[in-house]
Amino acid sequence: MKTTKSRSCSTITAFTSVLLAVVLAAGCAPKVTGMVDVPVGDDMATQIKKGTTIYTTEDVPAFVLNGTDAVTTDFSATVKVLDVLDTRTIRVDILSPVPFSHQGPGNMGYLYLCQPLSNEAEKLPDGTVVYSGEGYPQVIAGQEYNISGVLQPHWLDYPRVYIPGSVEFKQAPVSLEGPQIDMMGEISATDTRYDVVPLSWNVGWNTLQASESPVVYMSDFNNGGPLRWQPGPPVRVVQQWSYLSKKPLITTISKDVNLLVPPTGMQYLSTKDGSIKRWYAPDESAFVAVPLELDALPPYKTLDGKTLTITEQSIASGSKAKTLAVPVPSGLRQIVVVYGSGSITNGFILVEAADKGMSNMSDGIWLLRINDGKAAWIRCGNRAAFTEGFISGQEASFARVGSLLYFTHSHDGQIGCIDTTVASPSITLPEKVNILLTQLYGRGPTETEGPLQAQLASDNGTLIIEYPDANWNAMYYAADASGTVIGSLRVDKISTTSFDTKGKQGSSISTSGGISLPSIDLFQ
């Protein structure tokens, strides 16, 4: 513990932030696109007076209320910022092992800043919001910080820590071994139901942590699809319906889950007008859908004059659909949508397109880029650049890491990558990642009923490759930006176990139904 004199809890003025302290692959600093307002949070004395907090004057440490009493800190931890709620309140994931036996789902807690942040923040082109304040490091969701303060006595639901000032809030050293990955553990409850429990894999520490409480459960899972979800808070989970009974399958248990219900016409991927692809645009709180494919039907030989119509509709009750109709490039006889991200204002769609009179291996891979509601087609290469394309055989697997979209298809295919933001995007085949993929094929099952494809996922800027071992246990490998493995998980019939880069076993937790990794765009 340490004793200091508290700093005043008075409001501070905004100041210009320094450039974001991360090393970018492109070797250049991010460009600020604008400023955003940060809600001004009331100090604790005002919250108590207004009745907007569950705590009273008797509950809250005196230094928080008067700004003058001596402070004896009694709590220190490494935390990951989840969300900045206002200038005084930050929602965090507590990474350091702490004995909170009655904590809510996950390891979430709240920081109250006696010295508030600025009421303005910078917004970068990729949507990242950079918060600042006098003496504070740049505060960014997803990054880790070392904090110390005073734990709220007899806290309820989630721990609350009072941070005396910016001195007690510092950027944590970046772990060279890896980040923290959010997952969901599927715990079999009955033959037709499983409960879903939040898990946290700290790759650098080679540890796993599990919440004590499920957040949702899925019924009749044999007649549904895989769980589609995004990390929170709140955790977003997409509702789905039974193929047979048409009844909803997912029920929320925790208040920290936002159950996303796609609008009518987007609830099933097969509709009366044909199949669709669908994803979620969190900035718009909306689902986006597009026809799976467009074909030139006789007597037409090409799609010239046709448009690809993209539909966006908010999940808010009573909302109406908005559309963007984009003319198809000339000379194509078919396009098939393989991935989508973002909204009809800012986003992208990846398609495989068949050229008139050309062989399959000459078919094009196109990126439809949408900026400020204006769409432009960019050809990224031919199928030959990516083995056999996306649409033959089993469905391709995708993972987006920032602006980089990774993909793989079939057992014989490699892992490809497209930077979706560069002026002239093209398909690349990352060398180290594909060396790893070849090694995984060598460690996998020797007898299969058909080609066995790797599956991709991502979280917290990390690419994750899943492929079974020789005993058919699911293996998950976390790779850094260079393609180097920084940790792995083994998932068998009863548990999930972490391993470091040298194969040393870390934590093991019970997951009788397996695990589910997040889907950054909730694409399906």
Of all residues in region 234-282 being assigned to a loop (DSSP other than H, G, I, E, B) and basic (Lys, Arg), which is modelled with the lowest pLDDT?
Lys272
Regarding Tyr243, is this residue open to solvent by 30 Å² or more (accessible area, probe 1.4 Å), among the aromatic types (Phe, Trp, Tyr) and under 17 Å from Leu517 (Cα atoms)?
no
Determine the pairs where a residue that is on the phi < 0 side of the Ramachandran plot and of a type in the set (A, V, I, L, M), located within region 415-443, has a partner that is surrounded by 13 or more Cβ atoms within 10 Å (Cβ to Cβ) and assigned to a helix (DSSP H, G or I) with Cβ atoms under 7 Å apart, the partner being 6 or more residues away or on another chain.
Ile415/Val433; Ile415/Asn434; Ile415/Leu437; Ile427/Ala385; Ile427/Phe386
Do the conditions hold for Gly178, that is, is it modelled with pLDDT of 90 or more, of a type in the set (Gly, Ala, Ser) and surrounded by 15 or more Cβ atoms within 10 Å (Cβ to Cβ)?
no
Scanning region 212-233 for residues that are out of contact with any strand residue (DSSP E or B) (no Cβ under 6 Å at 6 or more places or on another chain) and part of a loop (DSSP other than H, G, I, E, B), which turns out most open to solvent (accessible area, probe 1.4 Å)?
Glu212
Got at least one residue in region 53-71 being at pLDDT below 90, touching a strand residue (DSSP E or B) at 6+ places or on another chain (Cβ under 9 Å) and within 24 Å of Ala172 (Cα to Cα)?
yes
Could you count how many residues in region 51-84 are part of a loop (DSSP other than H, G, I, E, B) and buried (at least 20 other Cβ atoms within 10 Å of the Cβ)?
2
What are the residues in region 153-169 that are surrounded by fewer than 23 Cβ atoms within 10 Å (Cβ to Cβ) and in a loop (DSSP other than H, G, I, E, B), if any?
Pro153, His154, Trp155, Leu156, Asp157, Tyr158, Pro159, Gly165
Quick test of your reading of the structure: Lys502 fulfils all but one of (1) crowded, with 18+ Cβ neighbours inside 10 Å; (2) part of a loop (DSSP other than H, G, I, E, B). Name the failing condition by number.
(1)
Within region 134-151, is even one residue out of contact with any strand residue (DSSP E or B) (no Cβ under 8 Å at 6 or more places or on another chain), of a type in the set (Gly, Ala, Ser) and either in a strand (DSSP E or B) or at pLDDT 90 or above (or both)?
yes
Are any of the residues in region 454-461 small (Gly, Ala, Ser), part of a loop (DSSP other than H, G, I, E, B), at pLDDT 90 or above and closer than 23 Å to Ile365 by Cα?
yes
Of residues in region 343-390 being among the basic types (Lys, Arg) and either under 25 Å from the mean Cα position of the chain (by Cα) or open to solvent by 30 Å² or more (accessible area, probe 1.4 Å) (or both), the one modelled with the lowest pLDDT:
Lys356
What is the residue count in region 396-449 for residues that are more than 22 Å from Leu517 (Cα to Cα) and touching a His at 6+ places or on another chain (Cβ under 9 Å)?
1
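The values are calculated or read from the model by the stated rules, or taken from the named source; none is laboratory data. Everything quoted here is computed from the prediction, not taken from an experiment. Methodologically, a virtual Cβ is constructed for each residue, glycine included, from the backbone with ideal geometry; neighbour enumeration extends over all protein chains shown. Heavy atoms of the whole protein, side chains included, go into the accessibility calculation; ligands, DNA and RNA do not. Shrake-Rupley method; radii C 1.70, N 1.55, O 1.52, S 1.80 Å.
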